[in-house]
Amino acid sequence: MLPESIREELRAIVGEKSCLDKQEALVAYSYDATPMQQALPDVVVMPKSTAEVQQVMRVAARHHIPIVTRGAGSNLCGGTIPVGGGIVLVLSRMNQIVEIDEQNLTITVQPGVRTVDIHQAVEALGLFYPPDPGSMVISTIGGNIALNSGGLRGLKYGTTKDYVLGLEAVLPNGEVIRTGGKLMKDVAGYDLTKLLVGSEGTLAIITEAILKLIPKPQTQRVMLAMFADMAQAARSVSDIIANRIIPGTLEFLDQGTIRVVEDFKQIGLPTDVAAILLIGQDGEPQTVDRDMEQIAAICQKNDAVQIKVATTAEEADEVMTARRSALAALSRMRPTTILEDATVPRAAIAPMVAAIQEITGRYGLQICTFGHAGDGNLHPTCMTDARNTEEIERVEHAFEEIFAAAIDLGGTITGEHGVGIVKAPYLEWKVGAAGMEIMKGIKHAFDPHNLLNPDKMFAKQSRNRVVVQRA
Amino acid sequence: MLKEALVNKLDYDELSNCMRCGFCQPACPTFRETGYEAASPRGRIALMKAVADGVMEPDKDFVDQMNLCLGCRACEPVCPAGVPYGQLIEQTREAIEEVQEHPWWVKAVRKLAFFHLFPHQKRMYQLGGLLRFYQRSGVQKAARKLGVLSILPKQMREMEAIMPEASGKGIVDFFGGTVIPAVGERKYRVGMFHGCIMDVLFNETNRNTVRLLSEAGCEVIVAPDQVCCGALHAHSGEREQARHLARKNVAAFHKADVDIIVSNAGGCGAMLQEYDHLLAEDAERQEKAQWFASRVKDISEVLALIVEPKEWQSLPQRITYQSSCHLRNGMKVTKEPVSLLQAIPGATYVQLREGDRCCGSAGIYNLVQPEMAGSLLDEKMGHVAATQADILVTSNPGCLLQMKAGIHRAGLEGKMEAVHIVDLLARVQQEEKPLSTPK
């Protein structure tokens, strides 16, 4: 419990209505989209300006109160759960698009702007902000930057980190720093912009961002290719890229996912195939047409049993529906859906999927896999029930093995969801002991008193299991 | 104790099905308005679950948050996990109602409305007759002139200003019987659900519904013994009374042995269609409840199936459509009303921006939460004005009244009218063919 005097200080900064400490508010900000994780903060603060953020940070620093910064709370790694109590700093009221600069092709935004609003604002001007995390209709750009979110266009266009040119951020001592700018080139010192992107709110509080824009592609086309054999599908992915074609979209659904999606939507997907690739290309019309033809030929050569190219907008929509329905369809099967995020080099997709299937079978679980084949980012998704603790234990062991398999194949424990609390116990597998040390050193340099998002990324002890904790 | 009541009523399986992804949030009007997590479906479910898990005590803030929900269910179609939020909020409100201590006058009004008025159709007609007297005798004019209405809260005054002309007679009286034969060859035997308020305040819409159906080849049965659908009860936490009404309606329509049960009010239709869930624990009536629920259709669905727009008169006007939440999110009817409107010869259909968003009427929400309802309505009317439509179409009495109030509030009177879809279609239907038992 925070003493009343500190609440009083916070109220004085942000106002009565933006400083919430009723039970209902504490519960409402005790979770994000991560299954089975919850912890109550002491107070919820909703600032409206960088100056307010600074003042709140100073209060926290003076009294050594932990701060967890949060936008929409759509992350899947437990990154915004206030495990140590303290202040939840909600930035969703700092939601202004500050400027769209058509000369420099940049957009300057506050952290609480929804990703989809950025898309709409720039596309109306014929411009394009490619990162499109699956939750973009709710997620805020601040969260995307903090987690370095990915999405369906990662293969061709890269992820959030490739579009952040500059940041304004409040340091744990209350100072404001500005990194980068409307610049394509800048080598003045360490690249603090890149360091803050993906730092999961552990180093500084991002209060403004300058993002790079590109021209909007003229056309977009999509197709579905179905394969009786997983390895053939994977080979097609490698062959497409080896043929110097970088598709805008290259998504993958395994048989389990296909069956569930078809059962759910009845869009005529063949349920006896081993895998479906959803392939899209965007750009100049002629280039898109040529790429689509070549891609179809490659899939055919690899024994695709069926190829469905969308010729109309409705057909394209139907094809996209297959991929978009995957999460919805899977999540309706059992009460708890655990969407994971193992990533491997794209040539290793077939062995990775095989490993997931083998592990799933051995633990007697229901895990289906879909994801971004083009960039090797897979989402093995487990349908389970949090109330069945015996099964949840098996789930945790299975995922542990899945992460280990990804590392063995040269991959990583998370491609786009972040480390947070969920992956913290495995971070060392990926970065090694020396890597951990240097990361902890960076954390200490920014935040010597460990105030910002404590216990995230660096596990305090062993794995944080299914608990509801009161701060 | 509220906590025990909630633990008893809430469907814990469904609470667990919420995966907290937050996809519901952009669809939720109260979240959009406040940006506050607890004012979103995900937040409200988290609060319910926190109570069920023993993490929090249900206090006044909890109750306030549950009451702030419009019950528009816009969150349901966008939920990946298919959580039936509407049922969860009804269960919560039922629990709240069970333990809530209202002031004596609220108790009296609730008891009067929920138990002594809505369920008794005859009394509704009597009240309609009284209202008609008030409207016609000059009392209304005098009251308005004298300013005595100023003692009413603003929302009530706005409602008084747009109150349609009441009727003391229902459709059975108008048609002189409970069976209105089909014109020409009989295609379906349709049970007409006339509603409680609909038959008093929107009697013309009910008459037009019967006429359109009959002329399109339906034998219309106005099942006697039918009562109020119970939606207002269920949304206000009186689920037991809703069940009581549901049992009566199921029996009445089952006896009438109809192919289709038609509703012309989205709010009622959604309730009727969920009778099987409402009576889920009533093993004895389960089969009949399912029989009933599976037959319920909205009037627009039935008309889209059977009418011939070719026979319609030209209506050279701009038309836009505000869908009713429960028709869209409860009954999942979205295409038919629009395709009917688009089929009107000569008319220009203009899509209403965010026409799929709640107008703030939401049963009696606009009376009990005037502030939130008012700001939702103002936003809505901004979009409505932008369409420059001559006719704003809706398909639910509450929405229709709210739209009338909105037109009044936005100063669009004389430029635009709000019309129920049935009344508009009746307008474009070629000259009236004689029904066999007109009166």
- Out of (1) at the interface with chain A (Cβ under 7 Å from one of its Cβ atoms); (2) open to solvent by less than 40 Å² (accessible area, probe 1.4 Å), what's the single condition that is false for B:P29? (1)
- Could you run through region B:112-136 and say how many residues are loosely packed, with under 13 Cβ neighbours inside 10 Å and either farther than 18 Å from B:A166 by Cα or under 19 Å from the mean Cα position of the chain (by Cα) (or both)? 2
- Task: Only residues that are open to solvent by less than 20 Å² (accessible area, probe 1.4 Å), under 28 Å from the mean Cα position of the chain (by Cα) and within 8 Å of chain A (Cβ to nearest Cβ): list them for region B:51-73, please.
- Result: B:F62, B:Q65
- Across region A:103-128, what is the number of residues that are touching a residue at least 60 places away in the same chain (Cβ under 8 Å) and either over 16 Å from the mean Cα position of the chain (by Cα) or open to solvent by 50 Å² or more (accessible area, probe 1.4 Å) (or both)? 13
- Heads up, the helices (runs of 4 or more DSSP H) in region B:129-177 (entirely inside) with at least 3 residues that are touching a residue at least 12 places away in the same chain (Cβ under 8 Å) are B:154-162, B:171-175
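Which one of these is over 24 Å from A:M223 (Cβ atoms) and under 22 Å from the mean Cα position of the chain (by Cα): A:I359, A:I367, A:I392, A:I349? Steps first, please.
Numbers: A:I359 fails: under 22 Å from the mean Cα position of the chain (by Cα); A:I392 fails: under 22 Å from the mean Cα position of the chain (by Cα); A:I349 fails: over 24 Å from A:M223 (Cβ atoms).
Just one listed residue meets the conditions, A:I367.
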- Return the total of residues in region B:283-304 being hydrophobic (A, V, I, L, M, F, W, C), open to solvent by less than 80 Å² (accessible area, probe 1.4 Å), more than 19 Å from the chain's Cα centre (by Cα) and farther than 17 Å from B:R328 by Cα. 2
- Considering region A:7-18 alone, what residues qualify as being within 13 Å of another protein chain (Cβ to nearest Cβ) and farther than 23 Å from A:N75 by Cβ? A:K17
- Residues that are closer than 28 Å to B:E281 by Cα, in contact with a Phe, Trp or Tyr (Cβ under 7 Å, 6 or more places away or on another chain) and at pLDDT 95 or above: find the strands (runs of 3 or more DSSP E) completely inside region B:183-270 holding 2 or more of those. B:260-263
- Restricting attention to region B:33-48, does a residue exist that is in contact with a Pro (Cβ under 6 Å, 6 or more places away or on another chain) and either open to solvent by less than 10 Å² (accessible area, probe 1.4 Å) or more than 9 Å from chain A (Cβ to nearest Cβ) (or both)? no
- Query: Looking at this structure, is B:F115 out of contact with any Phe, Trp or Tyr (no Cβ under 6 Å at 6 or more places or on another chain), within 14 Å of chain A (Cβ to nearest Cβ) and part of a helix (DSSP H, G or I)?
  - Reply: no
- Query: Going by the conditions given, is A:V170 among the β-branched types (V, I, T) and away from every other protein chain (no Cβ under 14 Å)?
  - Reply: yes
- Which condition breaks for A:K440 when tested against (1) more than 17 Å from A:G78 (Cβ to Cβ); (2) touching a residue at least 24 places away in the same chain (Cβ under 8 Å); (3) of a type in the set (K, R)? (2)
- Item | Residue count, region A:254-267 (criterion: assigned to a loop (DSSP other than H, G, I, E, B) and open to solvent by less than 60 Å² (accessible area, probe 1.4 Å)) | 1
- For region B:213-229, which residues satisfy the criterion of being touching a residue at least 60 places away in the same chain (Cβ under 8 Å) and at positive phi? B:G217
- Note on the structure: A:K22 vs (1) open to solvent by 10 Å² or more (accessible area, probe 1.4 Å); (2) away from chain B (no Cβ under 14 Å): all pass except (2)
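Hand me the list of strands (runs of 3 or more DSSP E) wholly inside region A:66-114 holding 2 or more residues that are within 13 Å of chain B (Cβ to nearest Cβ). Let's see the steps before the verdict.
Details: elements: A:67-70, A:87-90, A:97-101, A:106-109.
Correct list: A:87-90.
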- Item | Residue list for region A:404-460, restricted to those being polar (S, T, N, Q), touching a strand residue (DSSP E or B) at 6+ places or on another chain (Cβ under 7 Å) and either part of a helix (DSSP H, G or I) or closer than 20 Å to A:G86 by Cβ (or both) | A:N453
- Task: Scan region A:30-51 and give yes if some residue there is in a helix (DSSP H, G or I), open to solvent by 10 Å² or more (accessible area, probe 1.4 Å) and more than 10 Å from every other protein chain (Cβ to nearest Cβ), otherwise no.
- Result: yes
- Query: Considering only residues of region B:356-375 that are open to solvent by less than 10 Å² (accessible area, probe 1.4 Å) and over 15 Å from the mean Cα position of the chain (by Cα), which is nearest to B:L68 (Cα to Cα)?
  - Reply: B:A373
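The values are calculated or read from the model by the stated rules, or taken from the named source; none is laboratory data. Small disclaimer: the values here were computed from a predicted structure and weren't measured. Neighbour counts run over all protein chains shown; Cβ positions are idealised from the backbone, glycine included. To get the accessible areas, we keep the full protein, side chains included, count just its heavy atoms, and leave off ligands, DNA and RNA. Shrake-Rupley method; radii C 1.70, N 1.55, O 1.52, S 1.80 Å.
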